[in-house]
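Participant: Could you have a look at this structure, given as structure tokens, before my questions?
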Amino acid sequence: MTATSTPGKKRRNLQSDRKARVHQLYSSDDVIKLYEISRNTLTNWIADGLSFIDAEPRLFRGSDLNAFHGRRRDKAAGYPLGQFLVNCFACKRSHSLLDGEISISPGRTGGIFRVSRTCPDTGARANRYVCSKELETLQRLREANPGLQTPD
Ligand SMILES: [Zn+2]
């Protein structure tokens, strides 16, 4: 712990991950109004991974907006997305626990859970152990983005 704080650190402007209506489509102007942000900020969000529908004009899904802000909040809270990647020994790649089919079972130690992700290529199961807090975050992220669960 040092007395001097990090002056170069960018202040994160965290937004609610429940502000947008999940089933609503938003135009750029709607998004700017909803979050009271500048056009620049919206551009930054897109660069930072906010998904949009590539239409003319560009549209944003409420569920994507909420998921984006949920991810940012979790990142700020020390939950990088990589936390929810699981190494798959069957195909030697990694899969995200945030999409696809997962199953959750209690681990041997209290408060620890085993999350199994079915490998899309081989059908094998890749396991990852998480604590209850991580599990909560994982489930919240999955809920925030129901679009991820439909494979198409
Ligand atoms: Zn795999």
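Participant: Are there any pairs with C-beta distances below 6 angstrom linking a residue in region 89-114 that is on the phi < 0 side of the Ramachandran plot to a residue that is away from the ligand (no atom under 16 Å from the Cβ) and in a loop (DSSP other than H, G, I, E, B), with the two at least 6 apart or on different chains, and if so which?
Facilitator: Phe113/Gly107; Arg114/Gly107
Participant: Name the one entry in Glu136, Glu143 that is surrounded by fewer than 14 Cβ atoms within 10 Å (Cβ to Cβ), charged (D, E, K, R) and either at negative phi or at pLDDT below 90 (or both). Give the steps one after another, and end with the answer.
Facilitator: On the way: Glu143 fails: surrounded by fewer than 14 Cβ atoms within 10 Å (Cβ to Cβ).
It is Glu136.
Participant: I would also like to ask the following. If we keep just the residues of region 122-131 that are out of contact with any Cys (no Cβ under 9 Å at 6 or more places or on another chain) and open to solvent by 60 Å² or more (accessible area, probe 1.4 Å), which is farthest from the ligand (Cβ to nearest atom)?
Facilitator: Going through the qualifying residues, I end up with Tyr129.
Participant: Next question. Mind checking which residues of region 113-144 are touching a Leu at 6+ places or on another chain (Cβ under 9 Å) and over 15 Å from Cys88 (Cβ atoms)?
Facilitator: Phe113, Val130, Leu138, Leu141, Arg142
Participant: A further question on this structure: Does Ser105 satisfy the criteria of being at pLDDT 85 or above, open to solvent by 20 Å² or more (accessible area, probe 1.4 Å) and away from the ligand (no atom under 16 Å from the Cβ)?
Facilitator: Values: at pLDDT 85 or above: yes; open to solvent by 20 Å² or more (accessible area, probe 1.4 Å): yes; away from the ligand (no atom under 16 Å from the Cβ): yes.
For Ser105, the condition - at pLDDT 85 or above, open to solvent by 20 Å² or more (accessible area, probe 1.4 Å) and away from the ligand (no atom under 16 Å from the Cβ) - is met.
Per-residue answers, yes or no, for (1) at pLDDT 90 or above; (2) open to solvent by 70 Å² or more (accessible area, probe 1.4 Å); (3) in a strand (DSSP E or B):
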{"residue": "Lys10", "(1), (2), (3)": "no, yes, no"}
{"residue": "Asp17", "(1), (2), (3)": "no, no, no"}
{"residue": "Val22", "(1), (2), (3)": "yes, no, no"}
{"residue": "Asn44", "(1), (2), (3)": "yes, yes, no"}
{"residue": "Gly70", "(1), (2), (3)": "no, no, no"}
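The values are calculated or read from the model by the stated rules, or taken from the named source; none is laboratory data. Predicted model, so just to flag it, every value in this text is computed and none were measured. Neighbour counts are summed over all protein chains in view; Cβ atoms, including those assigned to glycine, are modelled from backbone coordinates with ideal geometry. Side chains are part of the model used for accessible areas, which takes the heavy atoms of the whole protein and leaves out ligands, DNA and RNA. Shrake-Rupley method; radii C 1.70, N 1.55, O 1.52, S 1.80 Å.
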